[in-house]
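Asks: This is the structure I have questions about; it appears just below.
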Amino acid sequence: MAIEKTYTMIKPDGVRNGHIGEIVNRFERAGLKIEEMRLEMVTPEQAKANYAEHEGKPFYDGLITYVTSGPVVKMVVSGEGAVAKVRTLMGATNPADAAPGTIRGDFGLTMDENVIHGSDSTESAAREIGVFFG
């Protein structure tokens, strides 16, 4: 398996509820390396660029409002098969469907407040890293 870079973001509910350290710890225990990490607000422009594929869907406006509602932790994470590894650690998008032991299974509150975002492919990762880290 190849060394990859991926983008992941601890969303406002994950930051607000104090899960930063545990999430970073899970990534590191899984053999992933944190290449870059920033605690900051997502701008509306970044949010719209990141979630452009959802524009026009019923949940889009709420998603943009939510992700810009408080500080997030933006990360570039690397390692063997990093995209798939991060997605496995995150668990299913809906916390109700996420397995115990996954980030969303352990910390997710609702479909709207599901703690974490992670790129779904190396192509998405490259685009998202550009959006959030320039």
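Asks: Can you tell me how many residues within region 44-83 are closer than 16 Å to residue 124 by Cα, of a type in the set (D, E, K, R) and at pLDDT 95 or above?
Replies: Of the residues in that region, 2 qualify.
For (1) small (Gly, Ala, Ser); (2) in contact with a Pro (Cβ under 7 Å, 6 or more places away or on another chain), each residue gets a yes or a no:
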{"position": "89", "(1), (2)": "no, no"}
{"position": "104", "(1), (2)": "no, yes"}
{"position": "112", "(1), (2)": "no, no"}
{"position": "115", "(1), (2)": "no, no"}
{"position": "118", "(1), (2)": "yes, no"}
{"position": "132", "(1), (2)": "no, no"}
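Asks: On the given criteria, is residue 86 in contact with a Leu (Cβ under 9 Å, 6 or more places away or on another chain), in a strand (DSSP E or B) and closer than 15 Å to residue 10 by Cα?
Replies: For residue 86, the condition - in contact with a Leu (Cβ under 9 Å, 6 or more places away or on another chain), in a strand (DSSP E or B) and closer than 15 Å to residue 10 by Cα - is not met.
Asks: Here's a follow-up. For region 100-134, how many residues meet the condition of being within 23 Å of residue 80 (Cβ to Cβ), touching a residue at least 12 places away in the same chain (Cβ under 8 Å) and assigned to a loop (DSSP other than H, G, I, E, B)?
Replies: 4
Asks: Could you grab me the full set of residues in region 85-94 that are modelled with pLDDT of 95 or more and either surrounded by fewer than 16 Cβ atoms within 10 Å (Cβ to Cβ) or touching a helix residue (DSSP H, G or I) at 6+ places or on another chain (Cβ under 9 Å) (or both)?
Replies: 85, 86, 88, 89, 90, 91, 92 - these are the residues of region 85-94 that are modelled with pLDDT of 95 or more and either surrounded by fewer than 16 Cβ atoms within 10 Å (Cβ to Cβ) or touching a helix residue (DSSP H, G or I) at 6+ places or on another chain (Cβ under 9 Å) (or both).
Asks: Across region 1-45, what is the total count of residues that are in contact with a Lys or Arg (Cβ under 8 Å, 6 or more places away or on another chain), crowded, with 20+ Cβ neighbours inside 10 Å, in a strand (DSSP E or B) and aliphatic (A, V, I, L, M)?
Replies: Matching residues across region 1-45 total 1.
The values are calculated or read from the model by the stated rules, or taken from the named source; none is laboratory data. Since we're looking at a predicted model, the values are computed, not measured. Note: ideal-geometry Cβ built from the backbone for every residue, glycine included; neighbour counts use all protein chains shown.
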